[in-house]
């Protein structure tokens, strides 16, 4: 059965960036239908029943997120679109921004209409220069053609969309860090409660949705929630984009229904392991997710199955490692990232990430003691559940999994001051 | 008002208050770095994690609001474990240079570590290097290595002084507090960041290497820098007189009073204590052959009371002029009024300096009137007309003029040199004292007990901090000596007697935060 492409159908077609082409291929039909025929509540209900979940990483049901927003505060409601895609291994939103920007804008219109939003900000990762240019051109065209602005699609509904570029900080992809950054401040995540749905951007109720999440909305409007829910699996509606990278023959972005098997992604779509080596480990959802050993890779790609496997589907960034990969180096690489990107606001993350990175460096340099393994696990515990945002938890989940699941490799490094993987080569 | 249970103790607290506030009510002190009651909640140090029933993980007490029936544990094993973990994290990049750190002895990093720290270090890596001993303003030195990034200082500059000099730069463990480019920490309240810094990152330039804090003792006092009457503690060292040239007062710290100054004081007040140990009049003087010469107390008391008595007999009360001072305590003013006004019948009792310029002031704490007790003098009925008293004295109408504490401007000199007989009583040498015939050494407020009435009419008590310097005596004692020498009935043995007569109550009956008149 051919796999239906919901958000990736226009990838690699430059024509799709143009409003006229997008429209002549069914574009803005979903938004048109929502604005013409449905009430905001009906739109929200449709999304709720579709089992669409936040595809930025947390997997929170999108319809429920919208329902939390209070409508009677007398303040405007804002939409912040999270396009600060920076989880290592993740490059799926970039494809949407680059190849199908109008699908995102259409999704924004639908969300805005459902929640009563008249101002949306798209926070684009600083390094995404080209995607930002393409998206801005699409926004400009949409304004010119009356798709955005005072009368959206000719209807009595106004919506302004602003593109805001980040300055290169991973933490600004954390939703409240993003809000701080949008307000012009240092991207330090906020204390919760209050949650952004109630007190968000400029102290007003705010919806924060990921690019891919919003890009799914047009088709849900056109085809209905039941159609979408049936594509996925239980409580995980529709498809999602998987960014496949690492030791595979054909890395890239693949759209699969939620609930597809990891092996299908790696072996059918990714063409199998690079150089036909043995599979050693897989990160199923970006650097913050716990690594899965070869034995654990018989897994379904949906939010709930990954949580059951004590990892997470996260941003859908699947990183494959074959038998040549040293897990100490892998952990070291990942912790260099987290130590560099920790915002420095709260103690366990600021100090923990940098400390762990230094311990791993010592292990790689052959200056470690057996006690270091114990320290690493204890530091992971102390970094979990004690911080303001999830960066610390993610970092701890990640390096703990390497130490616990590949202890012998760490021990070998400590004992012999070198890598047993290279030894075998 | 919700009732919650903290460490098995039930307590009723106001709705909307936080767990850390509720804990304080039952006497359970939750360790904290970033939390300060006068600043917004940062929630970043993670030191105040507590266990709350039915919550999936530990919660920070500074940010979590109380809810009816909440069960909080501030001392459980899980909590202690988390605190120990946070302390270990905080020491990861801390230089541990306590032996050369002024904060040692009053450092919350030391204090909490002594209580619950993990003593065997597991940290084997190289520590982060950062800027040390950097002067960032007229009063403050920054040491970035000691900083634990609690951001109390940046929040103070943002929210209280509203001057925004300090920020956090960079991220991760390279994060550092620093000045924004081109700025200096020179706002009039800059010293407060030293007090609120829980570690040795921000220390005082004036106090730098002057004294280890465990040699200091402290006593409650009131700032005499202006008419606000900020509550302060005087930190002094009288056990090592060979240090700092015998200087006793080492520093001033603000003392919490929600009605007056909250947690803060201005720099002018904080660093305005030098007069207590400097340029003091240590013994009585009298003019002999045109020059002031040291004299015995008994001789001076004899001479002054005789001069007063004689003038009263020869010229009547209008032959004597008194210029008290808005820097004197209520008790001193009361007895001056008693002796000169009631007993001697003198009507010309002034108090103010007619040439006094307006001082630095703002809409926060600093008042233009730099006298701690002008309101007290006014309430006591002293006249404002010191200028006419000086003029009358210069013209010979007043034969004996008794001036307290003042340092008049140049204009006064011309008048004073024409007066027949001028007595000066004060704590410090001034140009005014220099041209008087008798100089009586009185104490500063730090050497006596009393009260000041601040500009809004709040009577506030201050303690005697240490003994009078050298031969100086407090104003109560001096009035007593004169009154007894002149054979007046005089039932006052100390400031408390004067206060009781004036206010009809004792010091013990005065509220901690002062009483409005």
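The values are calculated or read from the model by the stated rules, or taken from the named source; none is laboratory data. All values derive from a computational prediction rather than experimental measurement. No Cβ is skipped: glycine too gets one built from the backbone with ideal geometry, and neighbour counts run over all protein chains shown.
Summary of values
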| read-out | value |
| --- | --- |
| Matching option when the condition is within 36 Å of the chain's Cα centre (by Cα), without any contact (Cβ under 8 Å) to a residue 12 or more places away in the chain and either farther than 19 Å from residue B:471 by Cβ or not assigned by TED's automatic domain parsing to the domain that holds residue B:495 (or both), among B:313, B:342, B:331 | B:342 |
| First in the range B:483-495 and farther than 22 Å from residue B:462 by Cα, second anywhere and in a loop (DSSP other than H, G, I, E, B) and modelled with pLDDT of 95 or more, Cβ under 7 Å, 6 or more apart | B:483/B:490; B:484/B:490 |
| Of residues in the range A:364-406 being at the interface with another protein chain (Cβ under 10 Å from one of its Cβ atoms) and over 27 Å from the mean Cα position of the chain (by Cα), the one nearest to residue A:306 (Cα to Cα) | A:378 |
| Any hit, the range A:329-341, residues being under 30 Å from residue A:174 (Cβ atoms), more than 24 Å from the chain's Cα centre (by Cα) and within 14 Å of chain B (Cβ to nearest Cβ) | no |
| Any hit, the range A:107-116, residues being modelled with pLDDT of 95 or more, in a loop (DSSP other than H, G, I, E, B) and surrounded by fewer than 21 Cβ atoms within 10 Å (Cβ to Cβ) | yes |
| Some residue of the range B:6-20 being within 13 Å of chain A (Cβ to nearest Cβ), over 35 Å from the mean Cα position of the chain (by Cα) and surrounded by 16 or more Cβ atoms within 10 Å (Cβ to Cβ) | no |
| The range A:380-405 - residue that is in a loop (DSSP other than H, G, I, E, B) and out of contact with any strand residue (DSSP E or B) (no Cβ under 8 Å at 6 or more places or on another chain) and, of those, surrounded by the most Cβ atoms within 10 Å (Cβ to Cβ) | A:388 |
| Which numbered condition residue B:390 fails, given (1) surrounded by 24 or more Cβ atoms within 10 Å (Cβ to Cβ); (2) touching a helix residue (DSSP H, G or I) at 6+ places or on another chain (Cβ under 6 Å); (3) at pLDDT 95 or above | (3) |
| In the range B:153-169, the residues that are surrounded by 13 or more Cβ atoms within 10 Å (Cβ to Cβ) and more than 14 Å from chain A (Cβ to nearest Cβ) | B:153, B:156, B:157, B:160, B:161, B:163, B:165 |
| Any hit, the range A:342-350, residues being within 11 Å of another protein chain (Cβ to nearest Cβ), in a helix (DSSP H, G or I), more than 31 Å from the chain's Cα centre (by Cα) and touching a residue at least 12 places away in the same chain (Cβ under 8 Å) | no |
| Positions within the range B:447-465 being farther than 16 Å from residue B:325 by Cα and touching a strand residue (DSSP E or B) at 6+ places or on another chain (Cβ under 6 Å), in sequence order | B:457, B:458, B:459, B:460, B:461, B:462, B:463, B:465 |
| All positions within the range A:156-178 that are in a loop (DSSP other than H, G, I, E, B), touching a residue at least 40 places away in the same chain (Cβ under 8 Å), surrounded by fewer than 16 Cβ atoms within 10 Å (Cβ to Cβ) and more than 14 Å from chain B (Cβ to nearest Cβ) | A:158 |
| Check on residue B:63, surrounded by 15 or more Cβ atoms within 10 Å (Cβ to Cβ), in a loop (DSSP other than H, G, I, E, B) and facing chain A (nearest Cβ under 9 Å) | yes |
| Residue B:375 being outside any loop (DSSP other than H, G, I, E, B), under 29 Å from the mean Cα position of the chain (by Cα) and touching a residue at least 24 places away in the same chain (Cβ under 8 Å) | yes |
| Conditions (1) within 30 Å of residue B:258 (Cβ to Cβ); (2) in contact (Cβ under 8 Å) with a residue 60 or more places away in the chain; number of the one not met by residue B:358 | (2) |
| Residues of the range A:62-86 classified as touching a helix residue (DSSP H, G or I) at 6+ places or on another chain (Cβ under 7 Å) and either in a strand (DSSP E or B) or over 19 Å from residue A:6 (Cβ atoms) (or both), total | 13 |
| Members of the range B:436-456 that are surrounded by fewer than 19 Cβ atoms within 10 Å (Cβ to Cβ) and touching a helix residue (DSSP H, G or I) at 6+ places or on another chain (Cβ under 7 Å) | B:455 |
| Single condition residue A:337 does not satisfy, out of (1) outside any loop (DSSP other than H, G, I, E, B); (2) free of Cβ contacts under 8 Å to residues at least 40 places away in the same chain; (3) surrounded by fewer than 24 Cβ atoms within 10 Å (Cβ to Cβ) | (2) |
| Qualifying residue in the range B:109-125 (condition: assigned to a loop (DSSP other than H, G, I, E, B), touching a residue at least 60 places away in the same chain (Cβ under 8 Å) and more than 9 Å from every other protein chain (Cβ to nearest Cβ)) | no |
| Residue match in the range A:22-34 (condition: assigned to a loop (DSSP other than H, G, I, E, B) and buried (at least 19 other Cβ atoms within 10 Å of the Cβ)) | yes |
| Residue, farthest from the other protein chains (Cβ to nearest Cβ), within the range B:45-58, restricted to residues that are over 16 Å from residue B:7 (Cβ atoms) and in contact with a strand residue (DSSP E or B) (Cβ under 9 Å, 6 or more places away or on another chain) | B:54 |
| Sole exception among (1) surrounded by 17 or more Cβ atoms within 10 Å (Cβ to Cβ); (2) within 22 Å of residue B:283 (Cα to Cα) for residue B:461, by number | (2) |
| Hits in the range B:170-192 (condition: within 12 Å of another protein chain (Cβ to nearest Cβ) and part of a strand (DSSP E or B)) | B:176, B:177 |
| Residues that are surrounded by fewer than 20 Cβ atoms within 10 Å (Cβ to Cβ) and under 20 Å from the mean Cα position of the chain (by Cα), drawn from the range A:234-250 | A:235, A:245 |
| Boolean, residue B:57 is out of contact with any helix residue (DSSP H, G or I) (no Cβ under 8 Å at 6 or more places or on another chain) and either assigned by TED's automatic domain parsing to the domain that holds residue B:185 or assigned to a helix (DSSP H, G or I) (or both) | no |
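Condition check ((1) touching a helix residue (DSSP H, G or I) at 6+ places or on another chain (Cβ under 8 Å); (2) within 12 Å of chain A (Cβ to nearest Cβ)) across all residues:
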residue	(1), (2)
B:75	no, no
B:80	yes, no
B:90	yes, yes
B:94	yes, yes
B:98	yes, no
B:105	yes, no
B:129	no, no
B:137	no, no
